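If you scroll down you'll find the structure; I have some questions about it.
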Amino acid sequence: MISPLKPKQLYPEQMTDTVNVLPHIFELRTAWRKQDFKYTKEQQEQYDILIAARRERVKYFIDNGLVSKGGLRPKEED
């Protein structure tokens, strides 16, 4: 049996303190693919924490108007 890949071990406080959690998420997803689309219990816990941190960050940007809304143009006055 192939042993599960272990991405760099991070603790919850390290994961949520980092500004950019995407590299850690991508690392876990790569391991997930190589492990026959299954996480170990520790990997699942890490993934859940990282996704929660990412969602919280995105919500902050949306709530504070920091997200670009590319298709919107101001209405022209006639």
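All of the numbers you see were taken from the coordinates with simple rules; none came from a lab. Note that the structure is a prediction, hence the values are computed from the model and not measured.
Between THR40 and residues 5 or more places away or on another chain, which pairs have amide H atoms under 5 Å apart, with H built 1.01 Å from N, and which residues are they?
When sequence neighbours closer than 5 places are left aside, there are no close amide H contacts.
Provide the gained length on full extension for the span LEU72 to GLU42, in nm with one decimal, where the gain is 0.36 nm per separating residue minus the Cα-Cα distance.
Result for the pair: 6.5 nm of gain on full extension.
Could you derive backbone 3J(HN,Hα) for region 32-37 from the dihedral phi with the Karplus parameters 6.51, -1.76 and 1.60 (θ = phi - 60°), listing whole Hz in sequence and x where the residue is Gly or Pro?
For region 32-37, the Karplus-derived couplings read 4, 5, 6, 9, 6, 6 Hz, x marking Gly and Pro.
Can you run phi through the Karplus equation (6.51, -1.76, 1.60; θ = phi - 60°) for region 45-56 and list ³J(HN,Hα) in whole Hz, with x for Gly and Pro?
5, 4, 4, 4, 5, 5, 5, 5, 5, 5, 5, 5
HN-Hα J couplings of region 62-77 from phi, Karplus 6.51/-1.76/1.60, θ = phi - 60°, integer Hz, Gly and Pro as x?
5, 5, 9, x, 9, 9, 6, 10, x, x, 7, 10, x, 5, 7, 7
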